[in-house]
Amino acid sequence: MLEIHKFSKIIAANWKMNGSIKFIDNFIDQLNLKNNHNKFVCTIICPPFIYSQHVSKQSDNFYLGGQDCSLFQEGSYTGDISASMLNNIGCQFCIVGHSERREKFNETDDKVAIKASNSLKNNIHPIVCVGETLAQKKNNQTKEVLAKQIRKSIPKNSNNKNTIIAYEPVWAIGTGLTPSLEEINDIHNFIKNEIQDYENFQTLYGGSVKSTNSKEIMKINSVDGVLVGGSSLDIMEFNKILSS
Ligand code: PGA
């Protein structure tokens with residue numbers, strides 16, 4: 001597995017269920033990793049499964065990630081993609097427990113932990129997503145919710161060298177809203193230092209990251225990188241984020 005602590009920043013693109021062969025060819029053609037002077041920046045592209053190989057064939061300047069993986073190893077699970085299949089096509093990262101999957105596909109913390117564990121067993125770094133809803137934020141439950149999600153979604157075979165945590169407030173995803181820089185710093189410090197047995201995990205921020213805020217967000221010491229949704233679908237925007 002990669003030594004993820006050695007990267008100075010991690011920038012992951014989550015394309016969700018978007019894209020096409022034409023989109024990918026244009027994206028890769030224009031992808032500019034050169035502005036990214038520091039060779040220790042880790043760029044990860046997470047396309048829809050069906051396009052993973054097409055994406056990975058085009059360049060080896062970035063890492064390939066899955067957006068999810070199966071709870072199961074293999075067998076009669078129509079439609080599922082296992083972590084070992086992801087490993088087989090060169091994925092080194094896999095997003096698990098994204099709030100869209102938690103909400104729309106009924107993924108519980110327990111299921112997320114199994115998926116993260118399956119990823120690790122197949123030499124894939126899980127990117128475990130956690131985040132509070134707006135109602136939870138308004139009730140001042142953010143830290144309590146995050147601590148519970150982290151304790152329950154991070155499996156026993158995880159440690160701070162093989163697993164990444166993505167803090168994605170549900171209310172910030174795709175809305176154009178973000179917490180303040182102070183709030184992001186406070187939450188990242190909380191995740192890194194205050195949850196016993198889960199200290200010092202690499203922690204990404206996700207939720208309405210764009211070229212106009214990425215620089216400020218990535219400057220925060222406690223932030224190890226960003227997980228970008230919508231803005232990763234616009235190559236000009238994504239190039240700006242990469243160079244920020
Ligand atoms: P967004 O999505 O950047 O479009 O807010 C982030 C994510 O869902 O990972």
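Brief remarks on what is shown
- Condition check for ILE241: within 21 Å of ILE44 (Cα to Cα), more than 15 Å from the ligand (Cβ to nearest atom) and under 18 Å from the mean Cα position of the chain (by Cα): no
- Candidates in the stretch 106-157 are the residues that are assigned to a loop (DSSP other than H, G, I, E, B) and within 16 Å of the ligand (Cβ to nearest atom); of these, the one that is surrounded by the fewest Cβ atoms within 10 Å (Cβ to Cβ) is THR133.
- Restricting the stretch 158-173 to residues that are open to solvent by less than 20 Å² (accessible area, probe 1.4 Å) and within 11 Å of the ligand (Cβ to nearest atom) leaves a set whose member that is nearest to ALA116 (Cα to Cα) is ALA166.
- Residue in the stretch 191-214 that is β-branched (Val, Ile, Thr) and in contact with a Pro (Cβ under 8 Å, 6 or more places away or on another chain) present: no
- Residue that is open to solvent by 40 Å² or more (accessible area, probe 1.4 Å), closer than 22 Å to ASP234 by Cα and in contact (Cβ under 8 Å) with a residue 40 or more places away in the chain, where the choices are ASN14, ASN61, ASN18: ASN18
- Condition check for LYS137: closer than 16 Å to TYR198 by Cβ and among the basic types (Lys, Arg): no
- Output for the stretch 185-213, where each listed residue is closer than 23 Å to HIS125 by Cα and within 15 Å of the ligand (Cβ to nearest atom): THR203, LEU204, TYR205, GLY206, GLY207, VAL209
- The residue that is nearest to THR43 (Cα to Cα), counting only those in the stretch 190-238 that are among the aromatic types (Phe, Trp, Tyr) and buried (at least 19 other Cβ atoms within 10 Å of the Cβ), is PHE238.
- Search result, residues across the stretch 64-89 that are over 30 Å from PHE40 (Cα atoms) and open to solvent by less than 40 Å² (accessible area, probe 1.4 Å): SER70
- Of all residues in the stretch 90-100 being open to solvent by less than 50 Å² (accessible area, probe 1.4 Å) and away from the ligand (no atom under 16 Å from the Cβ), the one that is farthest from ALA166 (Cα to Cα): GLY90
- From the list SER70, SER56, SER84, the one residue that fits, being closer than 14 Å to ASN122 by Cβ and assigned to a helix (DSSP H, G or I), is SER84.
- Search result, residues across the stretch 169-209 that are part of a helix (DSSP H, G or I), under 15 Å from the mean Cα position of the chain (by Cα) and more than 19 Å from LYS219 (Cβ to Cβ): VAL170
- If you go through the stretch 22-52 and keep only what is part of a helix (DSSP H, G or I) and open to solvent by 80 Å² or more (accessible area, probe 1.4 Å), you end up with LYS22, ASP29, ILE50.
- Residues of the stretch 210-237 classified as assigned to a helix (DSSP H, G or I) and among the hydrophobic types (A, V, I, L, M, F, W, C), total: 5
The values are calculated or read from the model by the stated rules, or taken from the named source; none is laboratory data. No experiment lies behind these values; they were computed from the predicted model shown. Don't worry about glycine lacking a Cβ; one is built from the backbone with ideal geometry, like all the others, and counts go over all protein chains shown. When the accessible area is computed, the model is the full protein with side chains, heavy atoms only, and any ligands, DNA or RNA have been set aside. Shrake-Rupley method; radii C 1.70, N 1.55, O 1.52, S 1.80 Å.
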